[in-house]
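Enquirer: Please read through the structure below; I'll follow up with questions.
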Amino acid sequence: MIPDAAHPVVPMLAKAVAEVPEPDSVPGGLSYEPKWDGFRGIVYARHRDADQPGGATDAVAPRGGTDRPALEIEIGSRGSKTLTRYFPELVASLAELLPGPCVLDGEIVVRTGEPGRERLDWEALGARIHPAESRIATLSVETPALFVAFDLLALGDRELVDAPFSERRALLVETVGSGTGTGPLHVSRTTDDVDLARRWLAEFEGAGLDGVVAKPLDAPYSPGKRTMLKIKHHRTADVVVLGYRVHKSGAGVGSLLLGLYDAEGELRNVGGASAFSDARRLELVAELEPLVARDADGGVSHAETERSRFSSGKDVSYVPLRPERVVEVRYDQMEGSRFRHTVQFARWRPDRDARSCGFDQLEVPAAYDLGDVLG
């Protein structure tokens, strides 16, 4: 059955590996492409008059044909929730640019910066998920999104999930690629050159991308399975423990709040580390007890982190600690002055002075123009 918004496909996933694999490491070889740092999106395009599931199966008309039926566009998230209302400019553009009924897998991104110095902007993309229609309309003009397609799951009345990736990719380029490049619809670059893929891993981070994906050329599309391989940037930093949040179970440390000193000597919250075992959560409470900040009566001085629209109903309270303990963490990249994702606890650093833990220790990737990545 042709997937549609009423019968959404579960996106195929990727498992993390330490380095870019050799092309002959899997039967049939590998194709490499940039790992886009955005919202995963499944685009369902069907003829607007196709009222029944599977009804959008007419032959694909040439792009720009005057008698082509209008297309209806729906965009599903990785979790099959609708993203359609948040990106009206993409919906309108895709209805115009796509040649006919199809299902695309790809990434929604936002680009910012002057030509020649453009990069992906995760914060601007996150701001696009807003409850107010008026704000959505404003942001669709101020920070318009792009869709970078990297897979084709259906074309007209043909379902392609069982076809090998090499065939799906060729059809994607043939069907969609000729109408992309400068506007809101792009087809992701690929290469079979492992050395070039390793260069991409190093260079494209400067444009805001977060790694490289390797895809088996002979593999079908496997919904929900980690068939692809992802290679991301992994670095370490020594950071100050600012406090901890109690685990949702009510017992033990749920996450550590982390900080770094800026150039003015101010200690700034840069993110958190979590994913501790049940036993380790309880051990951490005991380990951190001597550092707990207390009021004049000896009670614990609870505090709260800043709320966002995504955490308006979330408990953001934490137990503050004296900023004396240093921990080494593993991270992939920064987004502004914060870690892009939750970091991983590596080890305590009793040899480090907390005041020495500044932003200057962080590796800053060389700038790279997003326009060159998009090709």
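Enquirer: Along the Cα-to-C-beta direction of Asp218, a point sits 7 Å from the Cα; which residues of segment 13-27 have their amide N less than 12 Å from that point?
Expert: Within reach of a label on Asp218, which here means backbone N under 12 Å from a point 7 Å along Cα→Cβ, segment 13-27 contributes 24-27.
Enquirer: State the extension gain, in nm to one decimal, for the chain segment bounded by Arg198 and Glu287, taking 0.36 nm per residue of separation less the distance between their alpha-carbons. Walk me through the numbers on the way to the answer.
Expert: Working: separation 89, 0.36 × 89 = 32.04 nm, distance 4.14 nm.
The span from Arg198 to Glu287 would gain 27.9 nm if fully extended.
Enquirer: Can I ask one more? Kindly express, to the nearest 10 degrees and within the range 0 to 90, the angle between helix 278-288's C-alpha long axis and the longest C-alpha principal axis of the chain.
Expert: 40
Enquirer: In degrees from 0 to 90, rounded to the nearest 10, what is the angle of the helix 165-175 Cα long axis to the longest principal axis of the chain?
Expert: 60
Enquirer: Which one of Leu98, Pro290, Leu185 has its Cα pushed farthest toward the positive end of the charge dipole of the chain, where Lys and Arg give +1 and Asp and Glu give -1 at the Cβ?
Expert: Pro290
Enquirer: Amide H neighbours of Leu153 under 5 Å, counting only residues 5+ apart in sequence or on other chains, H built in-plane at 1.01 Å?
Expert: Val103, Leu104, Asp105
Enquirer: Hey, which of these cross-link pairs are over 24 Å Cα-Cα: Lys15/Lys81; Lys35/Lys225; Lys35/Lys248? Please report the intermediate quantities before stating the final value.
Expert: Values: Lys15/Lys81 22 Å; Lys35/Lys225 17 Å; Lys35/Lys248 32 Å.
The pairs that break the limit, which is 24 Å between Cα atoms, are Lys35/Lys248.
Enquirer: In terms of modelled amide H atoms, which long-range or inter-chain residues lie less than 5 Å from the amide H of Thr227?
Expert: Hits under the 5 Å cutoff: Leu13.
Enquirer: Now, a different point. Roughly what angle does helix 133-142 make with the longest principal axis of the chain, taking Cα atoms, 0 to 90 degrees, to the nearest 10?
Expert: 80
Enquirer: Continuing with this model, one more query. Which residues' amide hydrogens lie under 5 Å from the amide hydrogen of Glu335, considering only partners 5 or more residues apart or on another chain, with H built in the peptide plane?
Expert: Residues meeting the criterion, in which the H sits 1.01 Å from N, are Arg340.
Enquirer: Okay, moving on. Just to be sure I understand the model, the point goes 7 Å from the Cα along the line to the Cβ. What's the resulting Arg294 to Asp351 distance in nm?
Expert: Result: 3.3 nm between the two label points.
Enquirer: Further, regarding this structure: With r as the distance between the Cβ atoms of Lys230 and Thr82 and R0 = 30 Å, compute the FRET efficiency 1/(1 + (r/R0)^6) and round to 0.05.
Expert: So, using R0 = 30 Å, E works out to roughly 0.75.
Enquirer: Determine the shape class of segment 201-295: with a ≥ b ≥ c the square roots of the Cα gyration tensor eigenvalues, call it rounded for a/c under 1.5, and otherwise prolate if a/b is greater than b/c, oblate otherwise. Please report the intermediate quantities before stating the final value.
Expert: Numbers: a/c = 3.94, a/b = 1.63, b/c = 2.42.
Oblate shape, in that a/c is at least 1.5 and b/c is the bigger or equal ratio.
Enquirer: If you don't mind, there's one more thing I want to ask. Roughly how far apart, in whole Å, are the Cα centres of segment 153-220 and segment 23-41?
Expert: Segment 153-220 and segment 23-41 have Cα centres separated by 8 Å.
Enquirer: With a ≥ b ≥ c taken as the square roots of the eigenvalues of the C-alpha gyration tensor of segment 132-211, please select rounded if a/c is under 1.5 and otherwise prolate if a/b is larger than b/c or oblate if it is not?
Expert: Because a/c hits 1.5 or more and a/b fails to exceed b/c, segment 132-211 counts as oblate.
Each value in this text was obtained by applying a stated rule to the coordinates, not by laboratory testing. Note that the coordinates shown come from a computational prediction; the quantities given were computed from them, not determined experimentally. Note that each Cβ is placed from the backbone with ideal geometry, even for glycine, and that neighbours are counted across all protein chains shown.
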